[in-house]
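The values are calculated or read from the model by the stated rules, or taken from the named source; none is laboratory data. Given the structure is predicted, the values throughout are model-derived calculations rather than measurements. Cβ placement follows ideal geometry from the backbone for every residue including glycine, while neighbour counts extend to all protein chains displayed. Accessible surface areas use protein heavy atoms only, side chains included; no ligands, DNA or RNA. Shrake-Rupley method; radii C 1.70, N 1.55, O 1.52, S 1.80 Å.
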Amino acid sequence: MKFIVLGSGTSVPHPNRSSSGYWLETGGGSILLDCSASAVHRMAQEKLDWANLDAIWISHFHLDHIGGLPAFLFGTKYAPETQSRTKPLKIFGAKSLRELIAAFDQSGEYNLLKQPFPVEITEVEPLEKFEIFKGLEAVTAKTPHTDESLAIHLRDKDDKTLVYTADTGFAKTLGVLARDADLLVMECFFVKDKPVETHLQLDEAMHLIRYAQPKQTVLTHLYPEWDAVDFQTEVKKFSPPGAVIEARDGLRLEI
Ligand SMILES: [Zn+2]
Ligand SMILES: [Zn+2]
């Protein structure tokens, strides 16, 4: 698996950290994990084959995770690169995803689902195993963030595993979901003294890493307050098992 960070930041505009989007390339195909407005152009900047993207995972409906989806579909509808495409684009997310896409669509008579290729929308239930495409299996778990928010566990045909928490508050279930993962991509919105329960701060992320023992972890969705501290200095205070890497836009990992 090849993992590329498109956006390591939050919804707050930032000069170096764009909003959520992660590209995952597996032997069976490619998947975009979350689709912020910036992720759409970040795929092109990273020279990724966005025109042949196989699947999109939407973790929840905050705009820094789904805001780019209608814009991307508006782009693929007319882009020269997609006019001869025939394979479907599969979009996965929680209950009401279809309704939300329809609401965007009807607001401007865009006909976003009338593409040169089929668009398949699948709404998933927590803890029910499903296939993203041949060779990539998934299961999700509920997270304390929004009503619909889900973390996802992915396993490719080589048995490599990636867990993406997306936005979440602290929950032990995340530690269970991420157990022994080859890569854990976890939000770490705050450094400390978090003002809300619906995101993580560093000591909570470290607690989950200690429990889950992933081979490596990327901490992401970093709020601008991270600019004022040295990431590795803060992480070392906890002596975590395995590598803990600061997400930055353009980070590439081979799993
Ligand atoms: Zn969110
Ligand atoms: Zn977010």
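Worth pointing out:
- Residue selected from the range 150-176 under the condition within 12 Å of the chain's Cα centre (by Cα) and over 17 Å from Phe190 (Cβ atoms), by the criterion most open to solvent (accessible area, probe 1.4 Å): His153
- Residue match in the range 50-70 (condition: of a type in the set (D, E, K, R), in a loop (DSSP other than H, G, I, E, B) and open to solvent by 10 Å² or more (accessible area, probe 1.4 Å)): yes
- Residue among Ala205, Ala247 that is surrounded by 19 or more Cβ atoms within 10 Å (Cβ to Cβ), under 22 Å from His153 (Cα atoms), small (Gly, Ala, Ser) and out of contact with any Asp or Glu (no Cβ under 9 Å at 6 or more places or on another chain): Ala247
- Among the residues of the range 158-202, those identified as within 16 Å of ligand 2 (Cβ to nearest atom), of a type outside the set (A, V, I, L, M) and either part of a strand (DSSP E or B) or in contact (Cβ under 8 Å) with a residue 40 or more places away in the chain (or both) are Tyr164, Thr165, Asp167, Glu187, Phe189, Phe190, Glu197, Thr198, His199, Gln201.
- Among the residues here, Tyr78 does not qualify as touching a Pro at 6+ places or on another chain (Cβ under 8 Å), aromatic (Phe, Trp, Tyr), surrounded by fewer than 21 Cβ atoms within 10 Å (Cβ to Cβ) and at pLDDT 95 or above.
- Residues that are more than 15 Å from the chain's Cα centre (by Cα), within 16 Å of ligand 2 (Cβ to nearest atom) and under 19 Å from Ala212 (Cβ atoms), drawn from the range 115-149: Pro144
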